[in-house]
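**Q** The structure follows.
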Amino acid sequence: MAYLLRSLILLMVSGICLTTGVALGWWSVGYSHIQLAIVSFIYTIFAQAFVMFYFIGVARLMNNVYSVLQSESNLGELFDDPPEDLEPYRKKALKFAQDSERWKRQTVPWTMLMLILGSIAFLLGGAHDTKLVSKVVHSGVVYGFMAAMFIGFFRQWYYLKLTHLALRKVKTLFEIPDGQM
């Protein structure tokens, strides 16, 4: 899943860079930057929603695993034959839960900032087209969006790797098949 999400955000950055290049006159692709911006930003919303819910879902899974180990009530969800000593599992599950929560906190704010700045830039683009705001205002918000997008992209790329590895470790620890969460 991490590889799919990495592909999605790589395509997102490529689309936004293409749109910006057309707007600045660097490239000509047969479409105006307005047409490209519509498609690129709708795709950005799509990709960022996937990334955000992935991090939220992984953090939730890790917290659920830790909760099951703490309560000892539904150990059958994690083990076929629960061991006598759960302490090593609790320690690892606590670390996974804390890490995944931290990774979520490191990525979701950038996702939200991208979506907010992108929405404002998109609306200001329409306002500039109807001569309600100057080009400088629209361009400034677009540059802010792009800065947030690049910072968020690299953070997401890094934390997707860590989350993917943590999921592998949890699945190995509890002998969960690859196709099952």
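**Q** What's the number of the only condition in (1) touching a helix residue (DSSP H, G or I) at 6+ places or on another chain (Cβ under 7 Å); (2) under 30 Å from T19 (Cβ atoms) that R90 fails to meet?
**A** R90 satisfies every listed condition except (2).
**Q** Another question, then. Residues to consider are W103, W110; find the one that is assigned to a helix (DSSP H, G or I) and free of Cβ contacts under 8 Å to residues at least 60 places away in the same chain. Walk me through how you get there before you give the answer.
**A** On the way: W103 fails: free of Cβ contacts under 8 Å to residues at least 60 places away in the same chain.
None of the others qualify; the one that does is W110.
**Q** Taking into account only those residues within the stretch 129-146 that are in a helix (DSSP H, G or I) and open to solvent by 50 Å² or more (accessible area, probe 1.4 Å), which is nearest to F55 (Cα to Cα)? Reasoning before the result, please.
**A** Going residue by residue through the stretch 129-146, those that are in a helix (DSSP H, G or I) are 129, 135-146.
Applying the additional criterion that residues be open to solvent by 50 Å² or more (accessible area, probe 1.4 Å) yields 129, 135-137, 143.
Working: D129: 37, K135: 36, V136: 35, V137: 33, Y143: 26 Å.
Only one residue fits best here, namely Y143.
**Q** In the stretch 149-176, which residues are under 13 Å from K92 (Cα atoms), open to solvent by less than 70 Å² (accessible area, probe 1.4 Å) and assigned to a helix (DSSP H, G or I)?
**A** Matches in the stretch 149-176: A166, L167, V170, K171, L173.
**Q** Considering only residues that are more than 21 Å from the chain's Cα centre (by Cα), part of a helix (DSSP H, G or I) and β-branched (V, I, T), look in the stretch 20-50 and name the one that is farthest from V108 (Cα to Cα). Break it down stepwise before answering.
**A** Our first condition is that a residue be more than 21 Å from the chain's Cα centre (by Cα); within the stretch 20-50, this holds for 20-36.
After this cut, where a residue has to be part of a helix (DSSP H, G or I) as well, the list is 20-23, 33-36.
The next check asks that each one be β-branched (V, I, T); those that pass are 20, 22, 34.
Numbers: T20: 24, V22: 29, I34: 27 Å.
It comes out as V22.
**Q** Using beta carbons and a limit of 7 Å, which pairs, at least six apart or on different chains, have the first residue in the stretch 4-29 and open to solvent by less than 40 Å² (accessible area, probe 1.4 Å) and the second one part of a loop (DSSP other than H, G, I, E, B) and of a type in the set (F, W, Y)?
**A** That search, which allows pairs on different chains as well, returns G21/W27.
**Q** Among the residues of the stretch 102-128, write down those that are open to solvent by less than 50 Å² (accessible area, probe 1.4 Å) and either of a type in the set (A, V, I, L, M, F, W, C) or over 30 Å from V142 (Cβ atoms) (or both).
**A** Answer for the stretch 102-128, where residues must be open to solvent by less than 50 Å² (accessible area, probe 1.4 Å) and either of a type in the set (A, V, I, L, M, F, W, C) or over 30 Å from V142 (Cβ atoms) (or both): W103, V108, M114, L115, L117, A121, L124, A127.
**Q** Considering L123, L69, which residue is out of contact with any helix residue (DSSP H, G or I) (no Cβ under 6 Å at 6 or more places or on another chain) and in a helix (DSSP H, G or I)? Break it down into steps so the answer makes sense when it comes.
**A** Numbers: L69 fails: out of contact with any helix residue (DSSP H, G or I) (no Cβ under 6 Å at 6 or more places or on another chain).
Going through L123, L69 in turn, the sole match is L123.
**Q** Filter the stretch 156-181 for residues that are under 22 Å from A49 (Cα atoms) and either in contact with a Gly (Cβ under 8 Å, 6 or more places away or on another chain) or hydrophobic (A, V, I, L, M, F, W, C) (or both) and give the result.
**A** W157, L160, L162, L165, A166, L167, M181
**Q** Please find, within the stretch 57-101, the residue that is surrounded by the fewest Cβ atoms within 10 Å (Cβ to Cβ) out of those that are of a type in the set (F, W, Y) and over 27 Å from the mean Cα position of the chain (by Cα). Steps first, answer last, please.
**A** Filtering the stretch 57-101 down to residues of a type in the set (F, W, Y) leaves 66, 79, 89, 96.
Narrowing further to those that are over 27 Å from the mean Cα position of the chain (by Cα): 79, 89.
Working: F79: 14, Y89: 20.
If we take residues in the stretch 57-101 being of a type in the set (F, W, Y) and over 27 Å from the mean Cα position of the chain (by Cα), then F79 is surrounded by the fewest Cβ atoms within 10 Å (Cβ to Cβ).
The values are calculated or read from the model by the stated rules, or taken from the named source; none is laboratory data. Nothing here was measured: the structure is a model prediction, and the numbers come from that model. Cβ sites come from the backbone with ideal geometry, for glycine too, and all protein chains shown count toward neighbours. For the accessible areas, the whole protein counts, side chains as well, though only heavy atoms, and no ligand, DNA or RNA atoms are used. Shrake-Rupley method; radii C 1.70, N 1.55, O 1.52, S 1.80 Å.
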